[in-house]
Structure formats: C-alpha cells, structure tokens
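Right, one structure below, let's go through it.
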Amino acid sequence: MSQTVIDLTSYTRTLDQLKEAIKGLSEEQLKRKEAPDKWSVTEVLSHLADHSIVFSFRIRKVISENDVQLAAFQQDPWVSHSRANESSADDILAVFGALLAYNSLLFKRLSADDWQKSGVNVKGDTVTLESSYRAFIQHVQTHLAQIERIKRGL
C-alpha cells in the first residue's frame with residue numbers, strides 16, 4: 001500500500017517535459033553547441049541523467065543512514081569525460097525515465113517522517129529529503145529553460 005505524502009506528479013512529469021522540449025529536433029540540432037564551453041541539448045540531457053543518478057544515491061543515504069554528508073559532483077567534467085555528446089538523446093532519456101520510475105516506486109513507500117530526514121550538502125546546509133526532491137524538480141525546470149535558449153539559437 002502506498003504511503004506517499006508527497007504528490008509525485010511534478011516529479012514524474014519531468015520526463016514528458018524533456019521529451020516535449022526536444023520534439024522535432026534533428027540529431028544535428030541536439031548535438032550542436034553554440035560555443036565550445038557551452039552544452040548542447042544532448043549534453044544538458046546527459047547532465048540531468050547524471051544528476052538523477054546522484055539524487056538516487058542521496059535519497060537512499062538520507063533514508064537509511066545517520067549524519068549523512070550528501071555527495072557532490074563536478075557536472076562539467078562528468079559531461080565532457082563521458083563524451084555525452086556522442087550519445088543519443090533517446091538513450092539518455094531512457095536512463096532518466098528508468099531512474100524516475102525506480103525512485104517513484106521508493107517514494108510511494110516512504111512515510112512522512114522519511115521525507116523529513118536530512119543530510120548536509122557540500123555548502124554545509126542541512127537539507128531534507130522533501131526539499132531535495134523539490135530542488136530536483138526545479139533543477140529540471142532550469143534546464144528546460146536552458147534547452148529553450150539553445151533551441152532559439154539553432
């Protein structure tokens with residue numbers, strides 16, 4: 001039985017929002033960079049998949065451990081060293097979607113107390129699972145806006 005005290009709609013909808021944002025773009029458009037130090041749409045998607053991996057790890061640490069230090073990661077090296085632009089948007093979105101689905105199954109089992117468990121981020125701030133969840137959704141929204149800016153430059 002579901003114990004979810006958080007509405008998961010905004011979270012699960014992020015995959016559809018990303019798919020809609022790239023609808024109609026060619027492979028060339030998805031991989032085009034406006035400058036060498038800027039991300040392509042494919043690289044933005046890869047970053048979001050990477051962020052989802054890190055978020056998945058953080059969720060599990062917060063609900064199962066005490067005195068949690070939340071892992072940080074260097075987003076630019078992750079994108080560049082994984083050669084993200086050589087991947088396909090469809091493959092990246094499949095990973096993102098799988099992580100959303102898997103995390104959603106866990107979220108449905110969490111109690112109100114679980115959502116209030118916390119960890120300390122790299123800045124030294126204490127953050128709850130609930131606030132991290134909301135920050136994840138906002139993070140995707142920020143990158144959806146970035147995708148729109150990239151598309152305008154195509």
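The values are calculated or read from the model by the stated rules, or taken from the named source; none is laboratory data. In this text, all values refer to a predicted model and were calculated from it rather than measured experimentally. Here Cβ is always computed from backbone atoms with ideal geometry, including for glycine, and neighbour counts include all displayed protein chains. Each accessible area value is taken on the protein alone, full model and side chains, heavy atoms only, with ligands, DNA and RNA left out. Shrake-Rupley method; radii C 1.70, N 1.55, O 1.52, S 1.80 Å.
Here are the numbers for this structure:
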{"read-out": "Rg/Rg_globular for segment 66-153, with Rg_globular taken as 2.2 N^0.38 Å and Rg from C-alpha atoms", "value": "1.31"}
{"read-out": "Long-range amide H partners of VAL68 with built H, under 5 Å", "value": "VAL120"}
{"read-out": "Reach of LYS61 by Cα under 13 Å, taken over aspartates and glutamates that are not fewer than 8 positions away in the same chain", "value": "ASP114"}
{"read-out": "Theoretical ellipticity at 222 nm over the chain - DSSP helices of four or more residues, -39500 (n - 2.57) apiece, nearest 500", "value": "-20500 deg cm²/dmol"}
{"read-out": "Approximate shape of segment 1-116 as ellipsoid semi-axes (Cα gyration tensor, √5λ), whole Å, largest first", "value": "30, 18, 9"}
{"read-out": "Ordering of 103-109, 52-58 by packing [mean C-beta count within 10 Å, highest first]", "value": "52-58, 103-109"}
{"read-out": "Mean Kyte hydropathy of 0.0 or more with a Cα span along the axis of at least 24 Å, helices from DSSP in the chain", "value": "41-64, 89-107"}
{"read-out": "Set of aspartates and glutamates with alpha-carbon distance to LYS33 below 12 Å, sequence-local pairs under 8 removed", "value": "GLU43"}
{"read-out": "Translational diffusion of segment 25-92, µm² s⁻¹ [Kirkwood Rh, Cα pairs; Stokes-Einstein; 10 °C; 1.306 mPa s]", "value": "120 µm²/s"}
{"read-out": "Extension gain (nm, one decimal) between ARG134 and THR12, 0.36 nm per residue minus Cα-Cα", "value": "42.7 nm"}
{"read-out": "Solvent-accessible area, 1.4 Å probe, carbon plus sulfur percent, for segment 45-128", "value": "51 percent"}
{"read-out": "Packing-based order for 65-74, 138-147, using average beta carbon neighbours within 10 Å, highest first", "value": "138-147, 65-74"}
{"read-out": "Accessible area per residue, Å², the chain with all protein chains present, probe 1.4 Å", "value": "56 Å²"}
{"read-out": "Label-point gap, in nm, between GLU20 and SER82 - each point 7 angstrom along Cα→Cβ", "value": "2.5 nm"}
{"read-out": "Eligible aspartates and glutamates near LYS117 by straight Cα distance, threshold 18 Å, same-chain separation 8 or greater", "value": "ASP7, GLU65, ASP67, ASP125, GLU130"}
